[in-house]
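**Student:** Have a look at the structure that comes next, please.
The values are calculated or read from the model by the stated rules, or taken from the named source; none is laboratory data. This one's a predicted model, so the numbers in the text were calculated from it and none came from an experiment. Note that we place each Cβ from the backbone using ideal geometry, even for glycine, and neighbour counts take in every protein chain shown. The area values use the complete protein model at the heavy-atom level, side chains included, leaving out ligands, DNA and RNA. Shrake-Rupley method; radii C 1.70, N 1.55, O 1.52, S 1.80 Å.
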Amino acid sequence: QLLNQGLVDAYLAPSELVAQYLIQTENLGHVIRVGMVLEHIPLALGVRAADNHLYEQISNAVARLSSAGTIRLIREKWYGVALKHTSWRRYTKAIVIGLSAVLLVILSVFFWNFQLKSKVRKVTNDLQASERKYRNLIESSPDMIFLVDEDGRIQHVNEEARRSLYGPSFETNQNRCLADFVVTEERGDLQDFLKAVLQDSGGIKEFHFVDAHGQVREMDVAATRTPSEATATPQVCFFARDVTERNRIEQELVQTDRLATIGRMAAGVAHEINNPLSGILL
């Protein structure tokens, strides 16, 4: 109202919108809005070049206000924040870019780690499945399978070997030597066979094993050398097949063939003898 009545020269409004609002609501017909917001253009005072005394007074006053911090307070009051940018605001863009780059690297590492864990998990599952498959093949084999070290001490046996040779005493006789299951007179041959397999990587031979019931069983044994997974020392894998019944049948067939041959010979001899006797009787 003082401005509209001409009692003051100017009124500083906080913003253009406030100035326009006051002019319209108060019906200030003698007031016009001029200038720009201080956020866009700084406020300046113009002094005539010849008015040195006023210039000196204004300069001294501004210096005192600046040294006392009054100008800074006025600016903070006017804008609501400090006019001078802090270090944080000055480097905000660089900090945001740096944090974004670090976050991107972390996400990349996390994603790569997740993919790597997924691949490791898949490979592990495949290996476990493969191990189960081959273990089932070994355990379900109708042949006896032994894994022995260089000294002939048994490291692992399959289910058929445990059932046939160990019987119920498997838990208390796990670390026995393979020679303990062979008849006494063939144990030296078994040691020589083991050495030959370690030297030549394989071999086949027949031995007589004593089963869990004390019965002697004829076995066809095939052996091959294989490296140890734990110590990298050579081991020997024995595959033993019970051929007792097969050999018995073969012997019976041989005996039957012999008897058949003897029968044919007897018939021939009888025929040869029967012809002269028939002539004599006539």
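**Student:** Among Q155, Q115, which is over 20 Å from D220 (Cβ atoms) and either part of a helix (DSSP H, G or I) or open to solvent by less than 80 Å² (accessible area, probe 1.4 Å) (or both)? Can you show your working first?
**Tutor:** Numbers: Q155 fails: either part of a helix (DSSP H, G or I) or open to solvent by less than 80 Å² (accessible area, probe 1.4 Å) (or both).
Checking each option against the conditions leaves just Q115.
**Student:** For N136, indicate whether it is open to solvent by less than 100 Å² (accessible area, probe 1.4 Å), of a type outside the set (V, I, T) and at pLDDT below 85.
**Tutor:** Working: open to solvent by less than 100 Å² (accessible area, probe 1.4 Å): yes; of a type outside the set (V, I, T): yes; at pLDDT below 85: yes.
It is true that N136 is open to solvent by less than 100 Å² (accessible area, probe 1.4 Å), of a type outside the set (V, I, T) and at pLDDT below 85.
Results for (1) aromatic (F, W, Y); (2) touching a His at 6+ places or on another chain (Cβ under 8 Å); (3) farther than 22 Å from E139 by Cα; (4) modelled with pLDDT under 85, shown as yes or no for each residue.
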site	(1), (2), (3), (4)
G203	no, no, yes, no
F239	yes, no, no, no
R248	no, no, yes, yes
A260	no, no, yes, yes
N274	no, no, yes, yes
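**Student:** Could you please find all residues in the stretch 124-141 being farther than 22 Å from A240 by Cα and of a type in the set (S, T, N, Q)?
**Tutor:** T124, N125, Q128, S130
**Student:** Can you list the helices (runs of 4 or more DSSP H) found entirely within the stretch 1-92 that contain at least 3 residues being open to solvent by less than 100 Å² (accessible area, probe 1.4 Å) and modelled with pLDDT of 85 or more?
**Tutor:** Working: elements: 16-25, 52-68, 70-79, 87-90.
Those helices (runs of 4 or more DSSP H) span 16-25, 52-68.
**Student:** For the stretch 194-208, which positions are open to solvent by less than 30 Å² (accessible area, probe 1.4 Å) and closer than 12 Å to G152 by Cα?
**Tutor:** L194, V197
**Student:** Filter the stretch 175-193 for residues that are under 19 Å from Q215 (Cα atoms) and among the acidic types (D, E); which is surrounded by the most Cβ atoms within 10 Å (Cβ to Cβ)?
**Tutor:** Result: E186.
**Student:** Among the listed residues R217, R225, R248, which satisfies the condition of being open to solvent by 50 Å² or more (accessible area, probe 1.4 Å) and assigned to a strand (DSSP E or B)?
**Tutor:** Values: R217 fails: open to solvent by 50 Å² or more (accessible area, probe 1.4 Å); R248 fails: assigned to a strand (DSSP E or B).
Criteria check complete, one pass: R225.
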